[in-house]
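Input: a single structure, listed below in C-alpha cells.
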Amino acid sequence: MSLAPNLGLAVQQIDNMTLCGALVASPFLKAANQLDTRLTGTEPWKIVVGTAGVSLGVAYLYSLTRHRIPLRVRAKAYIFKWIKRIPAIRRKIMDEKSKMKANMTEELQKDCMDLPDILVLPANGFSHDDVIQKTKEYLEYGNMDWESGALSGGVYNGSKELSELITEVYRLALWSNPLHPDAFPGLRQMEMEVVRMTCDMFQGGPESCGCVTTGGTESILLACKAYRDRALERGIEFPEILVPVSAHAAFDKAAQILGMNIQHAPMDPITMRVDLPAMKRLITKNTAMLVGSAPQFPHGSIDPIEEIGQLGLKYDIPVHVDACLGGFIIAFQGEAGYPVGGFDFTVPGVCSISADTHKYGYAPKGSSVLVYKNPELRNYQWFSCPDWPGGIYATPTIGGSRAGGIIAATWASMIHFGRSGYVESTKRIVETTRRVAKELADIPGLKIVGVPEVSVVGFGSDHFNVYAVTDGMKNRGWSLNSLQFPVSAHICITTLHTLPGVADRFLNDVREITAEIMKNPGACNSGTAAVYGMAASIPDRSIVSELIGCYLDALYSSKLDLNISPKNV
C-alpha cells in the first residue's frame, strides 16, 4: 500500500493547521510588534517595573474575586461603612442607639424593679432554705401565663407529671458527664439509645448514626461543619451553604462562625416553600450543602424535600433536612392520620436530619439530635487534637464537658412517651393547628400565609399592618411571633394550646381585635409596626444589627445601668 497519498494528506492538514494558527496568532503578533516599536529606547528597568505593576494589579483584581464573601456584598458594606463615618449620620446613629439601649434596658428590667441585684458574691453563703426561697422568688416574677397556652412555642409540654419525672431523672444524673464514658458508662448507653431511637424515627438504616447536641443551633452548626470539611477535602476552596430564605437564622450563624458563604434561595410567594428552579440556578461548584426545612419556622410550610434530594443527587451535594422545630411531629403524622410528603432517610439524597428533642420531643431545654445517613458523613463532624500535651483530645460536638443530666432527661422523655404517646400528642396538635388555620382564614381582614401542615400557623393582612394584631394580643396576655419579609405573624401550637378552651379563647381574641382594627385600618402604625417598619426601611442592615445589639446588651444590664444608686440596690 502506497504511503504517498496519506503523507500528502497529512502534510496538507498540517499546512491548514499552520495557516489557522497563523491567522489566530496574527493579531497578537501585530500587537507585540506595536509594543516593541513603542518601547524602543525605553530603559529596561522601566519595562520591568511596569510589567511588575501590571502583574500585581491583575493579581489584586483577581484576589478580590477569591473571597468567601461575594465582591458585591463587600463593596456595598464598604460604601455604607464610609457613609456611616459622616459626622451627621454617625451622630444620628449614636443617638438612636442610646435611645434604644435606654428603652430596652428599662423594658427588660421593669418586671423586677423591686428585686435587689446581687452584684458581688455574698460575704457568707446563703443557707439551703434561703437559696430555695430566693429561687422561688426570682421565678415568680413576670406576668406571662405560659401555663395556660399564652405563649407561642417556647414551652412545648409543661405538664406536672412530666416535670416531676424529668426533675427526678436529672437529679439522678446531675454530676454525670459524657466526656468521661469510663466513669459514666450508663450515660453513654443513654445517649446511644437516644440517637438510635431518633434514627429509627426517621427510617435510617443500620448505617445511620448521629449525636446529641445542646439545641438546634448546635445541630445545624455541626452539620455545616461536617459538609464544609467534606468540601475542603474535595478541593473546594470556599464552601457555600445553599438554603431557602426561610431557613433558620442558625445557618447564617454557622456560616459566620465557620467562615463559609451562604446563598439564600427565594420562596414561592404563595406556599412559602423554596422556589426550586431558583435554588437550582444558585448551585455552583462551591456549593457544599443544600438545605430544606420540614417545616420552616416562619410560616410552617414544608420545603419540597424530595425535589431538593434529586438536586443533591444530580450535583453530588449533601442534603440536610432541618426538622429542628417539627421533627418529633412529622415523624408521627402518618400514623396520626395527617401524612405529609417525604422528608426522611427514605428520600434519595437526604444525608442528615436535625430534630430538637427539647421541642416536641418534650425533653428539657438544651437538647437536640443530629443524625446522618452513614458514619462516613459524621466523621467530618469530629474534632480531634492528637498532639496536645494534655493528652489526645477528641470531642463529638462543640462542647467538651456536657450536662449528663440533660441527656438522661431526654432519654427519659422519649421512653416515657413511646411511639404511641408521640402519635397521640401529634394528633391533638395537628388537629388544633388546622382548626386554628381554618378559622383565622375566615376572619375578615386576615389571610393565611404559607401552608400550615404541621404546628405553625402564619397569618397576615391585605387591609392593615398585621403587627397591630400582635400588639393587641399582647395587651390581652398573648405572645405571638412577629415576622418580616413579608409582614406577617404566627402562632406555634403546642400541647398547651390543645387544652380545653385555649384555642377558643385565642380565636375569640383575634376576632375581636381584628374587628376593631378594621374599623380604622390606617391607624395601626405604632408599636411593633413602627419598630419593624423602621428596621425594614434601613438599606444598610449593619445598622439594624447595631440597634439589635442594644437589646442584647440590655439582657445583661443591672439597675446600675438605669442610674439607680448602688445603695438602693
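The values are calculated or read from the model by the stated rules, or taken from the named source; none is laboratory data. Note that this is a predicted model, so its numbers are computed, not measured. All Cβ positions, glycine included, derive from the backbone under ideal geometry; neighbour counts span all protein chains shown.
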Within region 255-286, take every residue that is outside any loop (DSSP other than H, G, I, E, B) and crowded, with 23+ Cβ neighbours inside 10 Å and give me the one that is farthest from the chain's Cα centre (by Cα). MET279
Would you confirm, using the coordinates I've provided, whether SER219 is under 15 Å from ASP322 (Cα atoms), in contact with a Lys or Arg (Cβ under 9 Å, 6 or more places away or on another chain) and either assigned by TED's automatic domain parsing to the domain that holds ALA355 or among the hydrophobic types (A, V, I, L, M, F, W, C) (or both)? no
Only one of (1) in contact with a helix residue (DSSP H, G or I) (Cβ under 9 Å, 6 or more places away or on another chain); (2) under 30 Å from ASP561 (Cβ atoms); (3) outside any helix (DSSP H, G or I) does not apply to TYR138, and that is (3)
Among (1) in contact with an Asp or Glu (Cβ under 7 Å, 6 or more places away or on another chain); (2) in a helix (DSSP H, G or I), VAL340 falls short only on (2)
Counted residues in region 101-135 being more than 23 Å from ASP561 (Cα to Cα), not aromatic (Phe, Trp, Tyr) and not in a helix (DSSP H, G or I) come to 4
One residue is enough: does region 153-169 have a residue meeting the conditions within 21 Å of ILE329 (Cα to Cα), hydrophobic (A, V, I, L, M, F, W, C) and not in a helix (DSSP H, G or I)? yes
Taking GLY210 as the residue in question, decide whether it is assigned to a loop (DSSP other than H, G, I, E, B) and in contact with a Cys (Cβ under 9 Å, 6 or more places away or on another chain). no
Can you find a residue in region 157-164 that is within 30 Å of PHE459 (Cα to Cα), surrounded by 14 or more Cβ atoms within 10 Å (Cβ to Cβ) and either at pLDDT below 95 or among the aromatic types (Phe, Trp, Tyr) (or both)? yes
Residue satisfying all of: in region 221-244; touching a strand residue (DSSP E or B) at 6+ places or on another chain (Cβ under 7 Å) and more than 18 Å from GLY312 (Cα to Cα); surrounded by the fewest Cβ atoms within 10 Å (Cβ to Cβ) among these: PHE238
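Every residue, every condition in (1) under 14 Å from ARG188 (Cβ atoms); (2) more than 25 Å from the chain's Cα centre (by Cα), yes or no:
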site: GLY391; (1), (2): no, yes
site: PRO396; (1), (2): yes, no
site: GLY399; (1), (2): no, no
site: ARG402; (1), (2): yes, no
site: ILE407; (1), (2): yes, no
site: ILE415; (1), (2): no, yes
site: GLY418; (1), (2): no, yes
site: SER425; (1), (2): no, yes
site: ARG428; (1), (2): no, yes
Could you check, for region 312-322, whether at least one of its residues is under 20 Å from THR432 (Cβ atoms) and without any contact (Cβ under 8 Å) to a residue 12 or more places away in the chain? no
Kindly indicate whether any position in region 299-307 is of a type in the set (D, E, K, R) and assigned to a helix (DSSP H, G or I). yes
For region 121-128, indicate whether the set of residues that are under 30 Å from LEU547 (Cβ atoms) and surrounded by fewer than 10 Cβ atoms within 10 Å (Cβ to Cβ) is non-empty. no
Could you tell me whether region 158-166 includes any residue that is touching a residue at least 24 places away in the same chain (Cβ under 8 Å) and closer than 23 Å to LEU552 by Cβ? no
Condition first: modelled with pLDDT of 85 or more, among the aromatic types (Phe, Trp, Tyr), surrounded by fewer than 16 Cβ atoms within 10 Å (Cβ to Cβ) and in a loop (DSSP other than H, G, I, E, B). Can you find one or more residues in region 545-557 that meet it? yes
What's the total number of residues in region 358-378 that are touching a helix residue (DSSP H, G or I) at 6+ places or on another chain (Cβ under 9 Å), assigned to a loop (DSSP other than H, G, I, E, B) and closer than 22 Å to ALA223 by Cα? 8
Give me a count of the residues in region 379-393 that are of a type in the set (Ser, Thr, Tyr) and either without any contact (Cβ under 8 Å) to a residue 24 or more places away in the chain or more than 23 Å from ALA223 (Cα to Cα) (or both). 2
Any residue at all in region 405-428 that is assigned to a loop (DSSP other than H, G, I, E, B) and either exposed (fewer than 13 other Cβ atoms within 10 Å of the Cβ) or in contact (Cβ under 8 Å) with a residue 24 or more places away in the chain (or both)? no
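Report yes if some residue within region 463-485 is among the hydrophobic types (A, V, I, L, M, F, W, C), touching a Cys at 6+ places or on another chain (Cβ under 8 Å) and either closer than 30 Å to PRO178 by Cα or outside any loop (DSSP other than H, G, I, E, B) (or both); otherwise report no.
yes
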With respect to ILE443, is the statement that it is more than 26 Å from the chain's Cα centre (by Cα), outside any helix (DSSP H, G or I) and β-branched (Val, Ile, Thr) true? yes
Within region 429-460, take every residue that is surrounded by 24 or more Cβ atoms within 10 Å (Cβ to Cβ) and hydroxyl-bearing (Ser, Thr, Tyr) and give me the one that is nearest to ALA515 (Cα to Cα). THR433
